[in-house]
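Before any comments, here is the structure.
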């Protein structure tokens, strides 16, 4: 019996071992003294390291892909690249990688650095990422510094490269980094098994190598020094790669070898790349391209067709579990190739209702307050210093220690729209609170505003309405017109399959549930009426009402969090990833009110009427959240709002004899 | 804003402060480094200390009651008293108290000691309990020893008494304990605020006091020394008590004063009590009783009527929030008085689906494996050494460290039935496995066995079928007849109101859910067929199959627990109090198999055929648990069993050509 239990424990330990290696702080709620460990998260992809994911996918016969990007040259390029990560991340790459150019200050804190871009991809886009690193002409201290910084930022994978020697006078240094092998050894020596290491393979031999065979021997050295897998330089014929793999296997290289795929996207970019990589474009390709070299579309179409054909041969060979794409930071060609190969995930499954982070210390995180639903990057930013992340349940957060959000202009938190575009959407000139209501209504209905522009975003929502919110469109339209300015909502759901395309999340075979939620700004007059109405809905509706000064009213029991999204899955404990937490709400409140000023009022001149209107709303409106606890019944929150309007439209006549009845409700006016 | 948050934090801290004082180890999963505290349990009664519960109930205008018992004289008396606690506990006393008789070795580990009885009430019956303690003729060391032991056992409340001086030569000692006041001071001095302290009040003055006023002053001293509330000696007229309360208030005693109610239950017990307490029975009572002194029933009826009348006066006075009953360890009279007063809870609400313990370190406990559903005391016993109790979720229990269950005869774990009664129910002589099946069937159907006796319990269930299990009676009957010997089951439930009289639990306004569960012993032939059948039910059905030797087969993912009971409540996170945990199952298995031998086989002579039959089942049968994950659909577990019988009745003909198909299923036979 004891042996038996031992055995099952070992099984579990084996599963979880790879979790904890790597993470400097594994988080979770288990303490050393406790015999209880934390529940593994739903998606093993969140806990496995890259090489294990790769092995698992390969063993299951699944094909997969990965995407290479280079760091942007400008700050606005960084904003664009991050939103490209979000879009291309949804197609399901196993990982992305970010190149490293010593001339571009790649290890700095600039928004254009490789380090910052890779860190953003991991932390804010939730993408498994490989950071390239070149060692040529670098001191050990410098390299160790980069690696320590990468580890601190949550990066877990390094592509170890020699890099191009700078200047013609480069010579081998006795104790320095002369080859990628030295870098691989250094990483293993200084960081043990923390990083997964990738190295480069050259299917036609490295241009500087003495021979193809000599180059293969170098590759073997890199792998023997501790590399986990190989990504190859680009090539133009499937046979080139397949021969290379055979040759690698023949000399004992057993790790995964991923083909680098380069869909030809234009004549100039092809020439440039070929020059840089000292490759020859095969005769049969040049013959097609030369006649159409001025026709970009034709070349791209050919490139797609050529890449698809080559990839098919590779995948069918049985030697290739996954394909690595040189995207050149473009979307169209790579996505099209992947679509034609059936590798692009059109309808991505959500692990949880919100976008996860790939930082190792957050791998156990499986619950968040609903408030940041449309601003997940801001939530990650404000909780980046936490050591523990809630897992299994939120618990009573007596001191959630949210960081201040002072810099609204961090490139990964910034609106994708320019000031000009925002003014067109939100109004060059506001004339009244009503004109603000109209902006909200236009956003909800996706109808053009008075100036004829579609409102694609609001300060609280940088994207158009989520499909789920669309389910509530008619009701939202109606209430926004009357100054119930909604910024977050979800319908109630009573056990839909976890595979539901709109509201589903988590593994298949489960059921998901939601309590209806509504969050909005509204005037203090409305709030006074609302509080009277809410008495009829006790204890069905939980509310929390706060203004910018922190005057707040709530009926939350003991300031406890209320789970508003949960899922029941086969063979698991309940997952409850979204809560309405009264304490966190007061931190969210700061951010929600500040966005009026930072994102909207500041578009206008000081003292301008437009700015004054936004400022008035900021200073006087209340932020309200409502939860309908009775999820199996029809959502009553619209009825609550209707009742509020009804009360405002038809106030009860105040007769002296009845006044005592009103005393109590007066007391509950917020701010009194 | 910071002030605002501070305020709400303080609110929460105030709520939770009283939780942690008192408990030597507050348990839960929060660590010191973490900013996250554990979720408060559903029922504040579990976390509040007695004086706070009393205050809360009093403030809300609720009336309540408490019950006094004395320790039993014999071991079998202890078994009976514990089952009386379970029955009378269900009526909802605010607390019970256990008297202390220095002559009866009250602080020992004997099953008849006050200490052990109070500890059992707290730990195993989940009752808030007060332990009496007398100080007269005791050393400080001895008293401190008793108090330390009480604290260690989870007791939190002491009734501080002087006790009767032993022998005639008693004199006041200068530094010793001469009065209860000395004991109160000592408790506060040595144990600070850990214990809630109760003291005795004498509505007609203590018999040894110089005067009524002198006695009142002594009472004031006791309260000033740190007592939290007063329970009075019995009295016969409401006026006596109400005057006493007025007199107490007049001299500045402000704490709660609970009237001690003594329903007259018989002539002799009344005479004895009156003699001991030196009270006079009023004329008007004696006048009624004397003529009927030989008619027990008549006296009891009068006693009930008299007590009800007096209690009504007391409750209506507005001075009495709760009533304390001197039960004399009897049920009928006290329960009848309480029923007539409307204080007895006929249909007790369950806080959780299982019976909670009142040990302070377990106050956060809100999840348990389902296996011990019918043996909660055994579960508490086997986990008594845990420091942390699962709260919010079970988590992966890689090392749950269950204690061994060696002593099946601890008085609080023992069957309520005698060996003779068990033989009648389970068969004086067993002739085959089939005769064992018939015992199970009789238990399920509540029909007499072949010898004409009703089977009221099984080794795994000391009580008749739960109302909930009764819902499954027909199906259970059918499968037990064929050797699927069920010992635990629950139906699936898809969102019934938490107030449902059969399956409801937790606070009102919520919804409860269950996954269908079935646990049974069955032969290895059946298991072989079952495993073939179960393939059709992947991943809908989770199973775990193990024999006494620990050979086990499961499809539990990563050995994770599966939540099978959960509830959704207004304004709260999800509560998931029952899990099927694959690791704990292997510990339960030991107990479940051992019960065949300890409780059943050992009833028969060594080497007798009856004993051999039970031994054969113990050695060869498997213990199986099944969970149907698809709780919104009709329970499929009966279909699984039907399919198993169908396969056994009509085995597919083994044709040589089809044999390869069977290979795989062969491999999955447990034990191969």
Item to check | Shielding by partners - mean other protein chain Cβ count within 10 Å, residues of B:573-580 | outcome: 5
Checklist outcome for this item: Burial-style ranking of A:595-605, B:120-130, A:443-453, average other-beta-carbon count within 10 Å with highest first, yields B:120-130, A:595-605, A:443-453
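Any idea what % of Cα-Cα pairs in region B:368-649 are farther than 34 Å?
Result: 18 percent of Cα pairs exceed 34 Å.
Evaluate E = 1/(1 + (r/R0)^6) for residue A:280 and residue A:105, where r is the Cβ-Cβ distance and R0 equals 35 Å; express this FRET efficiency to the nearest 0.05.
Working: r = 33 Å, r/R0 = 0.95.
With a Förster radius of 35 Å, E is 0.60.
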Checklist entry - Can you put A:521, B:631 in order, fewest other beta carbons within 10 Å first? => result B:631, A:521
Checklist entry - Helix A:180-191 versus the longest principal axis of chain A: what is the Cα-based angle in degrees, 0 to 90, to the nearest 10? => result 50 degrees
Checklist entry - Relative to the other copies, what are the label-point distances for residue B:318, with labels 7 Å from Cα along the C-beta vector, expressed in nm at one decimal and sorted shortest first? => result 9.3
Item to check | 7 Å along Cα→Cβ, label-point gaps from residue A:558 to other copies, nm, shortest first | outcome: 2.9
Checklist entry - Based on the mean of other beta carbon atoms within 10 Å per residue, what is the order of A:141-147, A:191-197, most packed first? => result A:191-197, A:141-147
Checklist entry - Mind checking the mean number of beta-carbon atoms from other chains within 10 Å of the Cβ atoms in A:386-392? => result 4
Checklist entry - Quick one: Kirkwood hydrodynamic radius for region A:275-412, alpha-carbon pairs, angstrom, one decimal? => result 19.7 Å
Item to check | Three-way shape label, region A:286-351, alpha-carbon gyration tensor, a/c 1.5 | outcome: oblate
Checklist entry - What ranking do A:526-534, A:235-243 get when scored by the average of other Cβ atoms within 10 Å per residue, highest first? => result A:526-534, A:235-243
Checklist outcome for this item: For region A:176-226 the translational diffusion coefficient, Stokes-Einstein from a Kirkwood Rh over Cα pairs at 10 °C and viscosity 1.306 mPa s, in µm²/s, is roughly 138 µm²/s
Item to check | Directionally averaged projected area (convex hull, Cα atoms, the protein assembly as shown), nm² | outcome: 66.1 nm²
Checklist entry - Label-to-label distances across copies for residue A:254, with labels 7 Å out along Cα→Cβ, in nm, shortest first? => result 8.0
Checklist outcome for this item: Honestly region A:410-538 on the Cα gyration tensor test (a ≥ b ≥ c root eigenvalues; a/c under 1.5 rounded, otherwise a/b vs b/c for prolate or oblate) is just oblate
Checklist entry - Using a simple spin-label model with points 7 Å from Cα along the Cα→Cβ vector, what separation in nm is obtained for residue A:224 and residue B:473? => result 7.8 nm
Checklist entry - What is region B:521-602 by shape, rounded, prolate or oblate, if you read a ≥ b ≥ c off the alpha carbon gyration tensor as root eigenvalues and call it rounded for a/c under 1.5, prolate for a/b larger than b/c, and oblate otherwise? => result oblate
Next on the checklist: Need one number: % antiparallel among DSSP beta bridges in chain B, to the nearest 5.
Outcome noted: 55 percent
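Between residue B:239 and residue B:428, how high is the FRET efficiency from 1/(1 + (r/R0)^6) when r is the Cβ-Cβ distance and R₀ = 56 Å? Nearest 0.05.
Between residue B:239 and residue B:428 the formula returns 0.40.
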Item to check | Computed [θ] at 222 nm, deg cm²/dmol, chain B (DSSP H ≥ 4; -39,500 (n - 2.57); rounded to nearest 500) | outcome: -11500 deg cm²/dmol
Checklist entry - Measuring from label point to label point, each 7 Å out along Cα→Cβ, what is the residue A:298 to residue A:633 span in nm? => result 6.9 nm
Item to check | Label-zone membership for region A:328-366, site residue A:499, 7 angstrom Cα→C-beta point, backbone N under 18 Å | outcome: A:345-352
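For the protein assembly as shown, give the share of DSSP beta bridges that are antiparallel, in percent and rounded to the nearest 5; count only bridges with both residues there.
55 percent
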Checklist entry - Is there a simple number for the mean count of other chain Cβ atoms within 10 Å of the Cβ of residues in A:548-561, and what is it? => result 4
Checklist entry - In degrees, nearest 10, range 0 to 90: what is the angle between the Cα axis of helix B:114-123 and the longest Cα principal axis of chain B? => result 50 degrees
Item to check | Pairs of alpha carbons in chain A whose separation is greater than 31 Å (percent) | outcome: 59 percent
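Bear in mind that the values in this text are calculations on the coordinates, not laboratory data. Here the structure is a predicted model, which means the values were calculated and not measured. Ideal geometry is used to build each Cβ from the backbone, glycine not excepted, and the neighbour counts take in all protein chains shown.
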